[in-house]
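Please read the structure below before turning to the comments.
The values are calculated or read from the model by the stated rules, or taken from the named source; none is laboratory data. Quantities reported herein were computed from a predicted structural model and do not represent experimental measurements. Here the Cβ is made from the backbone with ideal geometry for all residues, glycine too, and neighbour counts use every protein chain on show.
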Amino acid sequence: MALLIQNNLLFLHIPKTGGNWVTAVLRSMGLIKQRIGHKHATFNQLPKSFVNTFLEKDNARVFCFIRHPLSWYESWFKYMTQPSRNWRAWGSCHEWHPCQPLNGLGDADFNRFMHNVLRQEPGFVTRLYDSYIQRPSTRPTLYVGKQENLRNDLIEIFETTGVEFDRDLILSYPAVGVSPQPMPPVQWGPGIRTQAESFEARGISEWGYQ
């Protein structure tokens, strides 16, 4: 769910970008005032009644986190190949999920999974981020942190927006949702990686990744 916290600041949770950790930190500091809509709702999917009230205040602001698009694919593969997930289908005609387009593209081999994605959903991660990170004039101020610098970026967002927070708690809070026995790193096939970088080039460049 989107989380409204102090100072009319709204957190949007993009899958696989550290959002469960952010949610746990917000909860531990008692900052959550309201939970709204789907866990991974984009701003445009929030109830209009909430949005209208939220935007009435001059200090309406939104924040979210992203990660390198190729790292996102690696994380999604590791998550979905866990026995408890086993490439389950997300969403249905009755329940939306932002990763629905990847349903049916899974494979036990990472490069075959990416081959399926590049064939049917090229540039998926950049489009995923676009659905959360939009800047038309009607939208509130947006802050984008990076999963690769999660703690420091969260501190910077809070300092910028005037949220009262516990710096030491953020810096010391343990990882959330990380397996005690991490999977080995995935191995990209050279051609697959080159294609993925090409299709995700705009997202990689726009958000300052290499």
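Residues that are closer than 29 Å to ARG112 by Cβ and in contact (Cβ under 8 Å) with a residue 60 or more places away in the chain are absent from segment 29-43. When segment 106-124 is filtered for residues that are more than 17 Å from TRP188 (Cα to Cα) and crowded, with 20+ Cβ neighbours inside 10 Å, only PHE124 remains.
Look at segment 14-44 and say how many of its residues are within 18 Å of ASP130 (Cα to Cα), touching a strand residue (DSSP E or B) at 6+ places or on another chain (Cβ under 7 Å) and either assigned to a strand (DSSP E or B) or modelled with pLDDT of 95 or more (or both).
4
Of the residues THR138, THR160, which is at pLDDT below 95 and exposed (fewer than 15 other Cβ atoms within 10 Å of the Cβ)? Exactly one of THR138, THR160 is at pLDDT below 95 and exposed (fewer than 15 other Cβ atoms within 10 Å of the Cβ), namely THR138.
Could you check segment 108-147 and list, in sequence order, the residues that are more than 23 Å from PHE43 (Cα to Cα) and in contact (Cβ under 8 Å) with a residue 24 or more places away in the chain? Working first, answer last.
Start the filter on segment 108-147 by keeping residues that are more than 23 Å from PHE43 (Cα to Cα), which leaves 108-120, 122.
Answer for segment 108-147, where residues must be more than 23 Å from PHE43 (Cα to Cα) and in contact (Cβ under 8 Å) with a residue 24 or more places away in the chain: ALA108, PHE110, ASN111, PHE113, MET114, HIS115, VAL117, LEU118, PRO122.
Here are SER75, SER131, SER84: which of them is exposed (fewer than 14 other Cβ atoms within 10 Å of the Cβ) and either part of a helix (DSSP H, G or I) or over 16 Å from the mean Cα position of the chain (by Cα) (or both)?
The match here is SER84.
Quick check on segment 1-9. Is at least one of its residues touching a Gly at 6+ places or on another chain (Cβ under 6 Å), crowded, with 20+ Cβ neighbours inside 10 Å and assigned to a strand (DSSP E or B)? Yes, segment 1-9 contains at least one residue that is touching a Gly at 6+ places or on another chain (Cβ under 6 Å), crowded, with 20+ Cβ neighbours inside 10 Å and assigned to a strand (DSSP E or B).
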